[in-house]
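Down below is the structure, laid out as structure tokens.
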């Protein structure tokens with residue numbers, strides 16, 4: 001008897017690939033995301049019981065597709081920002097460019113997981129350099145609340161960075 005994941009792959013890989021191909025302009029990207037869909041299933045810690053395999057595969061593939069589009073948008077914004085800069089960025093290697101894009105994707109993921117007030121607090125503190133008191137005044141909350149939001153934001157950052165490495 002075949003492994004349930006192997007059977008799922010054999011029965012549904014071409015369907016997932018076609019589903020993704022309709023949504024992407026590049027066959028190679030569709031093939032990569034189809035593979036990643038099954039890799040996600042292999043990484044699952046739950047028992048392999050696939051009552052509705054196409055629903056499961058569609059859910060996973062949609063998540064991967066959303067991540068792919070977000071990454072494309074971040075990469076495009078990064079490249080546009082680089083092209084608007086002086087020539088000192090001309091010597092960036094492809095590896096450095098990839099590392100920068102991966103870092104931006106991780107930052108985007110972290111910020112998207114934060115509640116709105118926490119995200120705004122984190123951005124004002126870390127990017128704009130506002131004090132906790134200034135942030136508290138802008139948000140109409142106590143400095144203790146701002147401190148709690150910053151601690152939660154930093155904890156989330158560390159947690160996601162640990163998970164990512």
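The values are calculated or read from the model by the stated rules, or taken from the named source; none is laboratory data. What you see is a predicted model, and the numbers here were worked out from it, not measured in a lab. Here Cβ is always computed from backbone atoms with ideal geometry, including for glycine, and neighbour counts include all displayed protein chains.
Of all residues assigned to segment 64-71, at least one qualifies as being loosely packed, with under 14 Cβ neighbours inside 10 Å, within 11 Å of the chain's Cα centre (by Cα), under 30 Å from residue 15 (Cα atoms) and in the same structural domain as residue 11 (by TED's automatic domain parsing).
In this structure, does residue 22 turn out to be within 18 Å of the chain's Cα centre (by Cα) and without any contact (Cβ under 8 Å) to a residue 12 or more places away in the chain? No; evaluated as a whole, the condition is false for this residue.
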